[in-house]
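Q: Provided herewith is a single structure, encoded as structure tokens, for subsequent inquiry.
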Amino acid sequence: MKSLDLLWELQMHSNMLRDAKRSFQEMANGKEIRILEGKLKQTERELMELEEKIDSNEERLNKNNFKLKEYDYHLKRIEEELYNGNISDAKQLKYLDDERRSTEENIEEKETEILGQLEEMEDLRQEFSRIENDFKDLKKEYSILIKGYKAAVKDFKSKIMESKRKTEDIISRIDDNLLERYDNIRSRKGNAIAEVVNCKCSGCNMMISTFMIDRLKDDDEIQFCESCGRILYLKR
């Protein structure tokens, strides 16, 4: 392989190695994993808050049910006193009747309150079930992501090592002086070699003379773009 072809191969492998290292670094940062971890923590917090609400609601519901039983018992006692015929005093009968009506109102209010709590409890449990399913899905997604991440890391390391090996092999076959010139241009321009496409330098888009193109076709002499200074490469 001619020196110019070796330089072209070197640039391609160097760029591949650079891109692979950049991609590996981005993946190593674990942005996607951190985002998913954040979602898991947030979902877990929501579940804990809902669980606390459900427990609090159950406690209030139990208290109200107990209070309702007290009202029912009290009403039953009042009605027994009203209708057993043992009380003939009008004022006492009126007092008991008023107490009965008040207790019935309390019972109605408490039943309405309990009904509202039952509906709230059902909504909370449905919401808890939905979020719990979301949490399970997120955990599954996280597990798959971690496995994929580990596999990708292994694959990236393999590709980087292979690209590095090929790069070192190409470098060993290039003249030291030519390699030094290549490195100098690359440090200033990014890519040291520019392919000639449609009679133009792909590095700066300037036209290349026919004479220069003919020289690129005929020999392995290194030619430089008169505009940007990059080494010109013409695919044969």
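Every number in this text was worked out from the coordinates using simple rules, so none of it is lab data. Note that the structure is predicted; figures quoted are calculated from it, not measured. When we count neighbours, we look across all protein chains shown, and the Cβ atoms used for this are built from the backbone with ideal geometry, even at glycine.
Q: Mind jotting down the distance between the C-alpha centroids of the stretch 79-158 and the stretch 28-48, whole Å?
A: 29 Å
Q: Among the listed pairs Lys164/Lys189; Lys41/Lys150; Lys41/Lys157; Lys39/Lys147; Lys2/Lys157, give every one whose C-alpha distance is greater than 25 Å.
A: Lys41/Lys157; Lys2/Lys157
Q: Please report Rg (one decimal) and Dmax (integer) in Å for the Cα set of the stretch 176-233.
A: Cα-based Rg and Dmax for the stretch 176-233 come out at 11.0, 31 Å.
Q: State the dimensionless ratio Rg/Rh of the stretch 1-76 (Rg: radius of gyration of Cα atoms; Rh: Kirkwood radius).
A: With Rh from the inverse mean 1/r over Cα pairs, Rg/Rh is 1.75.
Q: Let me ask another. Restricting to DSSP H runs of at least four residues, report the calculated mean residue ellipticity at 222 nm for the chain, -39500 (n - 2.57) per run over all residues, nearest 500 deg cm²/dmol. List each step's numbers first, then the result.
A: Details: 5 runs with 184 residues, N = 236.
Helix contribution divided over all residues of the chain: -28500 deg cm²/dmol.
Q: Which three extents, in angstrom, do the Cα atoms of the stretch 55-168 have along their principal axes, listed largest first?
A: Projected onto the principal axes, the Cα atoms of the stretch 55-168 cover 115, 14, 13 Å.
Q: Using +1 at the Cβ of each Lys and Arg and -1 at the Cβ of each Asp and Glu in the chain, identify which of Asn86, Ile144, Asn191 lies farthest towards the dipole's positive end.
A: So the residue furthest toward the plus end is Asn191.
Q: Picking from Met16, Phe211, His74, whose Cα lies most toward the positive end of the charge dipole for the chain (charges on Cβ: Lys, Arg +1; Asp, Glu -1)?
A: Phe211
Q: Just grab the label-to-label distance for Arg22 and Arg130, each label 7 Å out from Cα along the Cβ direction, in nm (one decimal).
A: 4.3 nm
Q: Using modelled amide H (1.01 Å from N, peptide plane; none on Pro or chain starts), what sits under 5 Å from the amide H of Arg230, excluding residues fewer than 5 places away?
A: Cys225
Q: When the chain is treated as a GNM, springs tying every alpha-carbon pair under 10 Å, which of Ile78, Ile131, Ile35 comes out with the largest mean-square fluctuation?
A: Result for the chain, Cα springs under 10 Å: Ile78 fluctuates most.
Q: In a Gaussian network model over the chain where Cα atoms closer than 10 Å are linked, find which of Asp169, Asp214, Asp89 has the largest mean-square fluctuation.
A: Among Asp169, Asp214, Asp89, the largest mean-square fluctuation in the Gaussian network model of the chain belongs to Asp89.
Q: Related question: When only Cα pairs under 8 Å and 6 or more residues apart are kept, what is the percent relative contact order across the chain?
A: That works out to 28 percent.
Q: Using Cβ contacts closer than 10 Å as the measure, can you line up Arg125, Arg34 from fewest to most?
A: Lowest to highest Cβ neighbour count: Arg34, Arg125.
Q: Ile35 to Met12: FRET efficiency via 1/(1 + (r/R0)^6), r the Cβ-Cβ distance, R0 41 Å, to the nearest 0.05? Kindly include the intermediate steps, with their values, before the conclusion.
A: Working: r = 34 Å, r/R0 = 0.83.
So, using R0 = 41 Å, E works out to roughly 0.75.
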